[in-house]
Amino acid sequence: MKQSLLFVPTLKEAPKDADVKSHKLMSRAGIIKQVAAGIYTYLPLGYKVIKKIEEIIRQELDKIGASELLMPALQPKDLWDESGRWDKYGPELMRLTDRKDRDFCLGPTHEEVITQVVRDYVSSYKKLPLALYQIQTKFRDEMRPRFGLMRGREFIMKDAYTFSETEEDLERWYKLFTKAYIDIFKRCGLDTKIVSSDVGQIGGDEADEFMVMSEVGEDTITYCDKCDYAANQEHSLLNSGDKCPVCDGTIHTAKGIEVGNIFKLGTKYSESMNGKFAGRDGKPQPMIMGCYGLGISRTLMASVEQHSNEDGIVWPKEIAPFKVHIVPINLKDEDQYKLAYEIYESLKSSGIEVLIDDRAERAGSKFKDADLIGIPFRVVVGKDAKDLKVEFTDRLKGEKELVLASEILTLI
Ligand SMILES: [Zn+2]
């Protein structure tokens, strides 16, 4: 794509109310724009990254046999009365009334809607198990929205729900989703820890969270320096220096951003909402449920927290908005013009997502923008163009080298 046609409104200064590194960088790099407290527009570059994260999620969940559907954001109060959560959820539930004075909410989560969908169609054990997921905008009326995409009032999530006949089958799904989440976050370039947690507002029997270690995290994680043990401090009540409850290692603490959470719901919703099916003995029994959330806009934010330096973002390869950024220093120079567009066309025809900075800007400001928006591979076409050579940078490794234009395909 030609950069002159792409809408990337970069800024010299971050907005005053941007309070963490990722929020500052994403505002300056033209990734997101704040509309009101906790509400954002994803600008073209940011939306490209969101779509890449969504595609990774779809690939990994399709692999384990989950099917995608889309439920409404707008949910009637009746369903929330059935589960008893209309009164319990509190002021964080975004509530509204229609012209006939009927109550609705904008869903922060979809247990009620999915339980209604499945109970209305599934009447026998023969139709189980089922795993369903959606990618949907969620709403939460935060008292104090902050930290950019970390605590917003509107955010994008993937939520999945499983319906099983037995506890063993729920356990099987729980393990499948755990593995899928590990793979998803790895492909998004995120280093996560799995920590056991409280069940909180969702309810149920057992829960784990996927945490990205970061100083801006809102949760404190206690983890062992020797084994895989990790838990939310609220849950473990351990402190730095304590003995590990599992091995003879020592406990450390760190801040974490929660990017995913998985719950064994058990029969909490199927009991209250009559989600029953005829079992093998013909008797009605409640479906055993699991639910699995993954914050997509938060994953974007956590990725920028983990992958950036003082000059800008350095996107992990799989979620980068483009793979290669061609920066010609002077397009009025015939050699540079010709070589830059030759590389551009050849990468495009090889199916590589490439951005060329064809703007009539000075080299200095082109480089500043390139550093900010953080595309993993950079090709600078300058005075060596007459010898068909360019400066190639792998930004993740930080290595720069002079190479022949014909070698680029082998380097990326
Ligand atoms: Zn340990």
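The values are calculated or read from the model by the stated rules, or taken from the named source; none is laboratory data. Quick caveat: nothing in here was measured; it's all calculated off a predicted structure. When we count neighbours, we look across all protein chains shown, and the Cβ atoms used for this are built from the backbone with ideal geometry, even at glycine. Surface accessibility is based on the protein's heavy atoms, side chains included, excluding ligands, DNA and RNA. Shrake-Rupley method; radii C 1.70, N 1.55, O 1.52, S 1.80 Å.
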- Message: Can you pull out every residue in segment 251-265 that is surrounded by fewer than 21 Cβ atoms within 10 Å (Cβ to Cβ) and more than 16 Å from the ligand (Cβ to nearest atom)?
- Response: K255
- Query: Is one or more of the residues making up segment 20-29 hydrophobic (A, V, I, L, M, F, W, C), modelled with pLDDT of 95 or more and outside any helix (DSSP H, G or I)?
  - Reply: yes
- Item | Criterion violated by M26 - all others in (1) out of contact with any Gly (no Cβ under 8 Å at 6 or more places or on another chain); (2) surrounded by 19 or more Cβ atoms within 10 Å (Cβ to Cβ); (3) within 15 Å of S308 (Cβ to Cβ) satisfied | (1)
- Query: Out of all the residues in segment 207-236, which are among the hydroxyl-bearing types (S, T, Y), out of contact with any Ser or Thr (no Cβ under 8 Å at 6 or more places or on another chain) and away from the ligand (no atom under 14 Å from the Cβ)?
  - Reply: S214
- Of the conditions (1) loosely packed, with under 14 Cβ neighbours inside 10 Å; (2) of a type in the set (D, E, K, R); (3) modelled with pLDDT under 95, the single one that D101 does not satisfy is (3)
- Task: Scan segment 226-248 and report the pairs whose first residue is acidic (D, E) and whose second residue is more than 11 Å from the ligand (Cβ to nearest atom), with Cβ atoms within less than 7 Å and a gap of 6+ or a chain change.
- Result: E234/D198
- Task: Taking the residues in segment 237-250 that are open to solvent by less than 70 Å² (accessible area, probe 1.4 Å) and within 12 Å of the ligand (Cβ to nearest atom) as candidates, determine which candidate is nearest to S197 (Cα to Cα).
- Result: L238
- Would you check if I182 is free of Cβ contacts under 8 Å to residues at least 60 places away in the same chain, closer than 25 Å to T137 by Cα, within 16 Å of the ligand (Cβ to nearest atom) and open to solvent by 30 Å² or more (accessible area, probe 1.4 Å)? no
- Filtered residues of segment 275-288 (kept if in a loop (DSSP other than H, G, I, E, B) and under 33 Å from the mean Cα position of the chain (by Cα)): G275, M287
- Item | Answer from G46, G38 - the residue that is on the phi > 0 side of the Ramachandran plot and touching a residue at least 24 places away in the same chain (Cβ under 8 Å) | G38
- Task: Identify all residues within segment 123-156 that are part of a loop (DSSP other than H, G, I, E, B), open to solvent by less than 30 Å² (accessible area, probe 1.4 Å) and at pLDDT 95 or above; write none if there are none.
- Result: L128
- State all residues of segment 345-371 that are open to solvent by 10 Å² or more (accessible area, probe 1.4 Å) and in a helix (DSSP H, G or I); if no residue qualifies, say none. E345, S346, K348, S349, A363, G364, S365, F367, K368, D369, D371
- Message: Looking for something part of a strand (DSSP E or B) and either under 21 Å from Y133 (Cα atoms) or not assigned by TED's automatic domain parsing to the domain that holds K138 (or both) - is there at least one such residue anywhere in segment 78-101?
- Response: no
